[in-house]
1. Return the FRET efficiency for the residue pair S97, T517: r is the Cβ-Cβ distance, R0 is 51 Å, and the value is rounded to the nearest 0.05.
2. Given a Förster distance of 56 angstrom, what is the FRET efficiency for H232 paired with A406, based on the Cβ-Cβ distance and rounded to 0.05?
3. Of the peptides 330-339, 88-97, how do they stack up when ordered by the mean number of other Cβ atoms within 10 Å, highest first?
4. In whole percent, how big is the carbon plus sulfur part of the accessible area of segment 531-576, probe 1.4 Å, protein atoms only?
5. Which percent of the accessible area of segment 249-358 is formed by carbon and sulfur heavy atoms (probe 1.4 angstrom)?
6. How compact is segment 429-573 by the rule of thumb for globular proteins, expressed as Cα Rg over 2.2 N^0.38 Å?
7. If you split all Cα-Cα distances of segment 163-264 into 5 Å bins from zero, what percentages do you get per bin, shortest first?
8. Which value in nm describes the separation of the simple spin-label points at F177 and E303, placed 7 Å from the Cα toward the beta carbon?
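The values are calculated or read from the model by the stated rules, or taken from the named source; none is laboratory data. Keep in mind that what you see is a predicted model, and the values were worked out from it rather than measured. Every residue, glycine as well, gets a Cβ built from its backbone with ideal geometry; the counts of neighbours run over all protein chains shown. SASA here: full protein model, heavy atoms, side chains in, ligands and nucleic acids out. Shrake-Rupley method; radii C 1.70, N 1.55, O 1.52, S 1.80 Å.
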Amino acid sequence: MRSKLWQSIILTGFAVVAAWPASVRADEPKPVINDRQPARQAAPAAEQPVQQLPELPKALEEPVKPEQPSQPVQSDPVIETADPQLLDWTKVPPVRSPVPRLGWFQIPQDGAGYYSLLDLLRKNEREKPPKFPYPPVSPFAGSFFDADYRYLDDPANTQHDWLDFLKRRHLGDEWLFTTGGEFRYRLMDEQASRLTPFDNNYSLIRTRVYGDLSYGDRIRAYIEFISANAFHETLAPLPIDRNLADFLNLFVDVKLLEEFGMPAYLRVGRQELLYGSERLISPLDWANTRRTFQGVKLFWPSEKWDVDMFWVKPMLVSATKLDSWDAEQDFFGLWATYKPKKGTTRDFYVLNLANYHPVAVGANQQRGGFDITTFGTRWAGDRDGQLLYDVEGMIQTGIRANTEMAAYAYTVGLGYRFKECRLNPIIWVYNDYATGDPNPGGAGLSRTFNQLFPFGHYYMGLQDFVGRQNINDLNVQASINPTRWISMLFQYHHFTLAQARDGLYNAAGVKTRQDITGASGRYVGDEFDFVTNVHFSQHADAWFGVGYFATGPFLQNTGGPARTPETFFMQYSYKW
């Protein structure tokens with residue numbers, strides 16, 4: 001009886017509200033009008049009926065009969081379609097796009113033309129550059145988990161590819177799945193390889209495959225497999241050459257909150273890190289294995305600001321076993337990027353690296369670990385696509401092998417693009433400087449800069465003889481585009497040591513040469529590199545280059561090599 005009474009009361013209330021005149025409810029909030037439903041038109045004032053007391057609803061006169069099931073109340077269709085839970089798929093998954101500009105950044109040609117060799121063969125002249133998440137070159141400084149395929153969900157999209165069926169597969173109303181990867185082959189021919197008397201001719205093969213699954217914008221699971229191998233090396237393979245079967249990325253993103261219309265996420269698991277110019281933190285795409293970490297990251301991307309905080313441990317690459325993290329290292333960071341306009345960034349960061357392995361040398365030649373904090377900022381962008389600039393400064397403080405340290409590094413680069421010229425020539429002039437120790441292993445402050453986890457190969461020469469430690473590098477890069485699908489660039493480096501008594505550090509941060517007396521001078525040598533990329537299609541590229549290193553007195557007086565170091569490489573990559 002009690003349930004029947006409540007049914008009668010509820011239905012009576014709905015009937016009263018429905019029968020009440022509009023004038024009585026005029027001060028109530030109006031329902032949101034959905035653009036797919038016609039708005040109700042109010043009657044003209046002259047046609048408004050005279051207000052009368054409402055008739056008694058029939059629900060009060062005739063109670064609901066128990067044998068008749070109550071009918072569901074039909075809600076207003078306008079209210080029903082205004083779903084506050086409606087998901088905006090243009091923000092799923094959270095990707096950082098575009099990838100931040102590196103140093104020596106290029107501004108490609110736009111306008112009508114052929115953007116790949118395949119476009120030329122098919123006579124497919126495009127009005128503007130195609131929307132593809134990877135750059136039109138073989139090397140890829142970004143990560144696959146930031147590949148932006150959201151244009152495929154745009155109803156107005158006209159760009160299609162035969163592999164689109166692998167991307168953004170909507171599984172029901174809440175799930176989204178994407179897969180892809182890369183195959184890469186590189187042939188290396190090195191004379192006086194690694195500054196030794198030996199030549200090294202070998203092949204590198206790498207395959208990556210990933211799967212990306214999102215549950216709305218709340219949870220994302222990402223997994224990326226890598227297989228890397230090296231063949232026919234004369235010298236022992238480097239640790240970064242071989243990793244037969246492993247996980248490059250394996251993480252989960254969880255949406256924590258949403259502020260100012262942008263969500264904040266927590267990422268837990270194995271993950272690549274890349275920030276800003278990648279001078280200090282990079283996946284190192286040149287390596288056959290790529291660099292990765294394991295830990296947690298909190299990130300909040302927005303239109304104008306990106307803010308990240310992380311605590312991770314570097315992964316130790318094993319050729320035949322699953323990689324494990326380095327329990328003796330901790331890497332913390334806070335990185336904020338301000339984006340005032342497209343192509344312009346302002347980076348501000350604090351990074352702390354603690355290494356408990358006895359890899360550092362302090363006062364009185366004592367060995368030990370180190371705990372280093374780096375404060376830095378970078379400003380990069382362009383003025384009207386012509387005047388280009390890239391300026392970064394870094395200060396380090398902390399402890400190295402029980403010795404206090406104070407070091408710094410800076411980069412100042414200015415470029416100019418002749419955008420009205422058909423070949424799109426761009427010229428950059430840079431000075432890269434990182435402090436060294438004037439009294440290594442002696443008393444006083446330790447002053448050798450620590451390059452952390454850099455993209456050294458990109459910045460310090462093709463042959464990897466030089467790292468961003470105790471170095472002064474005056475360098476120039478000139479690039480042209482003979483067509484929109486061919487890019488050619490030339491680099492010149494003039495290397496001198498910052499301190500003559502400190503050593504020469506290679507791209508991995510290992511000291512390879514030193515004259516503790518300083519008698520060998522500071523002039524290391526000059527490197528000349530020439531690189532060309534042919535963009536076959538939006539998936540395929542061929543990349544090849546040559547490097548020549550003219551050794552200076554420092555190298556000649558500290559063990560050679562006797563022959564001029566030279567490097568030649570050819571690389572083919574296919575990304576999908």
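1. So the FRET efficiency works out to roughly 0.45.
2. E between H232 and A406, to the nearest 0.05, is 0.75.
3. The densest-packed peptide leads the list: 330-339, 88-97.
4. 64
5. Exposed carbon and sulfur together represent 67 percent of the surface.
6. This ratio for segment 429-573 stands at 1.17.
7. Taking all Cα pairs of segment 163-264, the binned fractions are 3, 10, 15, 14, 13, 10, 9, 8, 7, 6, 4, 1, 0 percent.
8. 3.5
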